[in-house]
Amino acid sequence: MNPMMMLVVILLPILGGALVPVLPFQKRVYRNLYVEALVLLNSILVFALLWNRPIEALDVVRFTGNWTISLRVDGMSMVFGSLIAFLWPLATLYSFEYMKHEQREKTFFMFYTMTYGVTLGIALAEDMLTMYFFYELLTLVTLPLVLHTLTREAVLAARKYLYYSLGGAAFAFIGLIFTMVYGNTLNFTLGGVMNAAKIGDRTNILLLVYVFAFFGFGVKAAICPFNSWLPQAGVAPTPVTALLHAVAVVKAGAFSIIRLTFYCFGTEFLRGTWAQGVVMIATIFTIVYGCSRAVKETHIKRRLAYSTISNLSYILFGVTIMTPLGLTGALTHMVFHAFMKIGAFFCAGAIMYKTGRHYVHELDGLGRKMPKVFVIFTVSALALMGVPGLAGFISKWNLAQAAVESKHVLSYIGIGALLISALLTATYMLNIVVRAFFPKAGFDYETIADAEDPNWLMLLPLTVFALVIIVFGLHSAPVTAFLQEVAAGIY
Amino acid sequence: MKETVWVIVPVLIPVIMGIFLLFMKPSKSRKTLLWITAAGLFVTAGLVGYVLSLGDAGYTLFYLTDTLPVFFRVDSVSRLFVSVVTFIWICSGLYAFEYMKHEENNKRYFGFYLLVYGILVGLDFSGNLVTFYMFYELMTLLSMPLVLHNRSHEAVMAGLKYLFYSFFGAYMVLFGIYFIYHYANTMSFTAGGVFDAAVLAENRSLLLAAAFLMLIGFGVKAGMFPLHAWLPTAHPVAPAPASAALSGIIVKGGVLGIVRVVFYIFGADFLKGTWVQTVWMTLALLTVFMGSMLAFLEKGFKKRLAYSTVSQISYILFGLSVLQPVAVTGALLHVVFHAIIKCTLFLCAGAVIYQTGKTKVEELSGIGKQMPVTIWCYTFVSLALIGIPPTSGFVSKWYLATGALQSGTGIFTWLGPVVLLLSALLTAGYLLPVTVKGFLPGNDFDYVSLQKREANGWMLMPILLLTICAVALGMFPNSLAEFFAAFVPQLM
């Protein structure tokens with residue numbers, strides 16, 4: 001396919017999204033149709049592009065020397081790009097219903113759609129500079145979404161999000177500069193681009209830079225101690241929390257770290273060094289920390305946000321094992337977690353939308369009134385815990401196998417952390433399920449008489465997610481095989 | 001091995017019928033509900049019987065990943081466990097027809113009851129470790145609604161406690177599975193183990209640690225010290241027939257797990273004489289004694305029986321831990337006998353509660369005059385549990401003790417039988433007062449207001465049937481013993 005197509009799929013949502021507030025729509029339905037058509041068309045184009053990928057790269061802008069904004073499709077782009085392209089139209093569908101009870105829908109859909117293009121930019125970036133460019137852009141374009149409700153809480157959250165992200169990006173920038181100076185090229189190459197001759201005896205400095213860049217990008221992936229923006233950003237409308245703060249934005253952070261580790265510094269250079277130890281300990285700590293906070297949290301969305309923090313570090317843990325198998329595990333969890341968590345978030349959103357209840361202790365008995373939502377919530381809860389037969393079991397299996405195979409003592413501890421986290425996940429997720437389905441004796445169903453399942457706009461995405469979780473859980477071989485090939489650099 | 005799809009039919013049928021019951025309209029009469037449940041129980045039992053008659057059957061359902069099959073296989077251990085499950089499940093199920101009249105939401109109870117039955121058959125038929133683990137987790141999740149059935153604050157808390165302890169154990173097991181998968185040749189259960197000797201020697205300490213974690217992990221379900229605390233909380237709060245099923249059968253899921261891991265994955269030779277075996281024997285004996293002691297001190301009737309389970313399951317675990325054929329035979333015999341006996345005891349306790357509402361042991365004076373049949377049955381199975389010949393408990397304990405004496409495990413050769421004896425005394429101490437006080441309430445007892453309150457046929461029939469089995473199996477243990485003699489020696 002023509003390489004220009006890469007630019008098209010990035011620009012189409014950005015420009016099309018920018019038109020949302022300008023175009024004179026008569027009715028809400030027309031606007032919704034426009035947005036959905038735009039997003040769906042773009043997703044089709046993305047799939048067409050990724051699965052007939054152009055071999056050559058596309059230089060969009062050439063500044064000077066090897067400073068370019070350039071795009072290329074490789075295996076990693078295919079994984080992240082497909083994930084985004086699959087989720088976006090479904091999430092948009094959900095937002096139409098959800099946003100009815102929020103203000104300023106136009107602004108919302110404008111930025112929501114633009115974010116799609118920017119995220120694809122990260123997926124398709126050919127080199128570090130391009131990725132950095134889109135990474136910064138992502139912060140800016142999602143800021144209004146966090147700010148959306150314009151309450152004091154939202155403003156504070158947005159400010160925090162901005163400072164954290166920009167600060168992180170600054171550290172990532174250090175990594176960019178060092179890659180440029182000490183590497184052969186800025187273009188992503190599996191195995192790394194570092195030039196041993198240029199490095200000489202400055203190994204330790206470069207390792208330090210790697211750690212800086214890791215935590216820099218790690219801010220978006222909410223690694224401890226830079227996680228506090230994420231639960232706070234939960235004030236945004238649910239579609240934002242679900243799609244951006246459980247998938248697109250945070251996984252862009254994880255994605256960047258994969259690029260940094262496997263495609264810039266290279267695992268040859270990093271494996272077995274103190275830098276690996278440092279980042280691995282950070283991820284292991286975050287896995288347990290996120291879950292523990294989730295157990296204590298009583299606000300549903302914030303609880304899920306803490307769960308995301310923990311699960312993102314599963315992905316990062318896979319990355320820090322620094323083997324192809326580790327990368328496979330990380331990618332599997334990146335994909336599967338997306339479905340599990342967006343499913344859980346959308347259920348939470350449906351509950352909030354239908355009942356106006358935001359806290360876990362208010363959910364008593366709702367299972368009987370909103371059976372579909374809670375069945376799907378249960379499926380995603382069980383999947384997050386890692387019950388065999390659902391997607392979460394497979395991704396944890398892959399991560400654990402990578403850890404066992406690496407024979408690194410820290411990674412054995414990591415397996416322990418995964419399992420402790422699974423137990424805590426059971427605690428904070430099943431607590432909700434048990435409450436909803438088994439309210440205490442003498443519970444008065446009259447108090448929730450008006451609760452009911454939402455309409456198809458919300459149920460359709462939820463059903464799709466639940467099915468995906470089950471299908472991947474029962475039959476994961478094709479996906480895993482593809483991800484293995486990506487990790488081995490076949491694409 | 002014969003590849004046949006029939007193997008999964010008895011797993012699916014009760015699951016489907018259970019789900020059907022759960023989603024059935026609540027307006028349907030209780031009679032319909034009971035007919036469906038009865039049909040589910042007996043059809044499944046028939047199918048189980050058919051599958052067992054097929055001999056060495058197996059079936060690969062599908063692959064979770066490219067190397068993880070969901071695989072079923074019927075071997076001798078499966079036969080043993082699935083027969084016990086089926087027998088107890090039917091008895092306790094029929095009993096519940098009457099008992100559940102005084103509880104709400106029967107539909108949910110019987111729905112989950114059938115579901116768990118299917119899952120247990122799946123657990124017993126599992127042919128490899130991952131399949132086993134899958135059914136093990138499902139068993140925990142789906143049996144939880146039975147625990148918290150009456151939804152009182154206490155019951156819900158107990159249900160959650162049950163869940164978290166069980167998952168804690170399950171994840172320890174999973175930790176081990178990750179390592180086994182990497183180092184073993186296959187995950188399919190093979191008598192004698194699945195490791196190459198060279199691999200075992202090379203990664204000895206790592207694999208021993210994995211084995212230890214898995215023992216403790218499955219030990220949670222089996223109520224082994226130090227993670228036994230959920231059991232006396234969760235079992236008594238459930239409705240009596242559910243307590244019977246939980247205490248008789250679900251805890252055996254942990255035992256089955258240990259049997260599978262020790263004899264079919266690692267192999268007994270690998271663990272023999274290691275620190276893992278020593279710790280395991282110590283924990284088992286400690287639990288035997290501790291459980292009996294706590295039961296002796298406990299006032300609540302059902303809770304006392306739950307502590308008794310803690311103690312008795314560790315008899316089984318001790319029998320397995322000495323890794324000696326006679327003792328293992330004893331352990332597996334005790335699996336059968338304890339299931340029958342403990343189920344009867346809980347059903348008797350349930351009958352007492354149902355008829356009189358009394359839940360404390362001290363309130364039970366004169367109960368034998370009111371419910372003579374129930375308390376006679378209670379007495380017979382108590383004697384069996386204590387191990388008085390010619391009842392069944394005597395046979396299994398005899399094997400356990402002889403096995404331990406022949407095992408050559410150092411101090412445990414004599415310590416084991418001593419602790420078992422001591423615990424038998426305590427067992428008499430905590431079970432028989434009910435009989436004694438029940439029939440001989442003393443002179444100051446008010447005989448005038450005494451009424452016959454015997455339970456009706458639906459409740460008495462299962463109790464009688466179980467009692468007869470508990471006694472008769474002790475008098476005619478030969479066919480069982482032959483069954484064991486055919487496969488136990490191959491495990492060592």
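Structure data summary
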| read-out | value |
| --- | --- |
| Scan of region A:241-292 for residues that are more than 20 Å from A:GLY168 (Cβ to Cβ) and among the charged types (D, E, K, R), ordered by number | A:GLU268, A:ARG271 |
| Subset of region B:44-65 that is of a type outside the set (A, V, I, L, M, F, W, C) and part of a loop (DSSP other than H, G, I, E, B) - its residue that is farthest from the other protein chains (Cβ to nearest Cβ) | B:GLY55 |
| Yes/no for B:ALA96 being over 21 Å from B:GLY254 (Cβ atoms), small (Gly, Ala, Ser) and crowded, with 23+ Cβ neighbours inside 10 Å | yes |
| Residue within region B:4-15 that is of a type outside the set (Gly, Ala, Ser), more than 21 Å from B:ILE250 (Cβ to Cβ), buried (at least 19 other Cβ atoms within 10 Å of the Cβ) and more than 24 Å from the chain's Cα centre (by Cα) present | no |
| Of the criteria (1) farther than 30 Å from A:PHE96 by Cβ; (2) among the polar types (S, T, N, Q); (3) more than 8 Å from chain B (Cβ to nearest Cβ), which one A:THR463 fails | (1) |
| Residue in region B:209-216 that is over 14 Å from B:VAL261 (Cα atoms), assigned to a helix (DSSP H, G or I) and modelled with pLDDT of 90 or more present | no |
| So B:GLY319, is it part of a loop (DSSP other than H, G, I, E, B), modelled with pLDDT under 95, out of contact with any Lys or Arg (no Cβ under 7 Å at 6 or more places or on another chain) and under 23 Å from B:ALA211 (Cα atoms) | no |
| Unique match (being closer than 17 Å to B:LEU114 by Cα, more than 14 Å from every other protein chain (Cβ to nearest Cβ) and in contact with a Leu (Cβ under 8 Å, 6 or more places away or on another chain)) among B:THR4, B:THR37 | B:THR37 |
| Residue within region A:472-481 that is within 13 Å of A:ILE376 (Cα to Cα) and either at pLDDT 90 or above or within 14 Å of chain B (Cβ to nearest Cβ) (or both) present | no |
| Considering residues of region A:246-299 that are outside any loop (DSSP other than H, G, I, E, B) and among the charged types (D, E, K, R) only, the residue nearest to A:PHE345 (Cα to Cα) | A:LYS251 |
| Selection from region A:409-422 of residues that are more than 7 Å from chain B (Cβ to nearest Cβ) and touching a Lys or Arg at 6+ places or on another chain (Cβ under 9 Å) | A:LEU418 |
| Extreme residue, surrounded by the fewest Cβ atoms within 10 Å (Cβ to Cβ), among residues of region A:423-449 that are under 13 Å from A:MET385 (Cβ atoms) and more than 8 Å from every other protein chain (Cβ to nearest Cβ) | A:VAL433 |
| Residue in region A:141-149 that is aliphatic (A, V, I, L, M) and farther than 30 Å from A:ARG31 by Cβ present | no |
| Leading residue by the ranking (farthest from B:MET17 (Cα to Cα)) among those in region B:113-144 that are more than 14 Å from chain A (Cβ to nearest Cβ) and within 14 Å of the chain's Cα centre (by Cα) | B:ASP124 |
| Residue, farthest from the other protein chains (Cβ to nearest Cβ), within region B:145-164, restricted to residues that are surrounded by fewer than 21 Cβ atoms within 10 Å (Cβ to Cβ) and touching a Pro at 6+ places or on another chain (Cβ under 8 Å) | B:ASN150 |
| Options A:VAL155, A:VAL193, A:VAL146: the member that is at pLDDT below 95, of a type in the set (Val, Ile, Thr) and closer than 30 Å to A:MET5 by Cβ | A:VAL193 |
| Selection status of A:VAL22, on the phi < 0 side of the Ramachandran plot, outside any helix (DSSP H, G or I) and surrounded by fewer than 19 Cβ atoms within 10 Å (Cβ to Cβ) | yes |
| Test: residue in region A:370-388 that is within 11 Å of another protein chain (Cβ to nearest Cβ), of a type in the set (Gly, Ala, Ser) and surrounded by fewer than 24 Cβ atoms within 10 Å (Cβ to Cβ) | no |
| Some residue of region B:332-351 being in a helix (DSSP H, G or I), closer than 20 Å to B:SER247 by Cα and over 20 Å from the mean Cα position of the chain (by Cα) | yes |
| Residue that is farthest from the other protein chains (Cβ to nearest Cβ) [pool: residues in region A:391-408 that are surrounded by fewer than 24 Cβ atoms within 10 Å (Cβ to Cβ) and touching a residue at least 24 places away in the same chain (Cβ under 8 Å)] | A:HIS408 |
| Search result, residues across region B:65-81 that are surrounded by fewer than 23 Cβ atoms within 10 Å (Cβ to Cβ) and touching a residue at least 12 places away in the same chain (Cβ under 8 Å) | B:LEU68, B:PRO69, B:VAL70, B:ARG73, B:ASP75, B:SER76, B:VAL77, B:ARG79, B:LEU80 |
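Here's the yes/no breakdown for (1) out of contact with any helix residue (DSSP H, G or I) (no Cβ under 8 Å at 6 or more places or on another chain); (2) β-branched (Val, Ile, Thr); (3) crowded, with 24+ Cβ neighbours inside 10 Å:
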site	(1), (2), (3)
A:ALA246	no, no, yes
A:ALA254	no, no, yes
A:LEU260	no, no, yes
A:GLY266	yes, no, no
A:MET280	no, no, no
A:THR283	no, yes, yes
A:THR286	no, yes, yes
A:TYR289	no, no, no
A:ALA294	no, no, yes
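The values are calculated or read from the model by the stated rules, or taken from the named source; none is laboratory data. Everything quoted here is computed from the prediction, not taken from an experiment. Don't worry about glycine lacking a Cβ; one is built from the backbone with ideal geometry, like all the others, and counts go over all protein chains shown.
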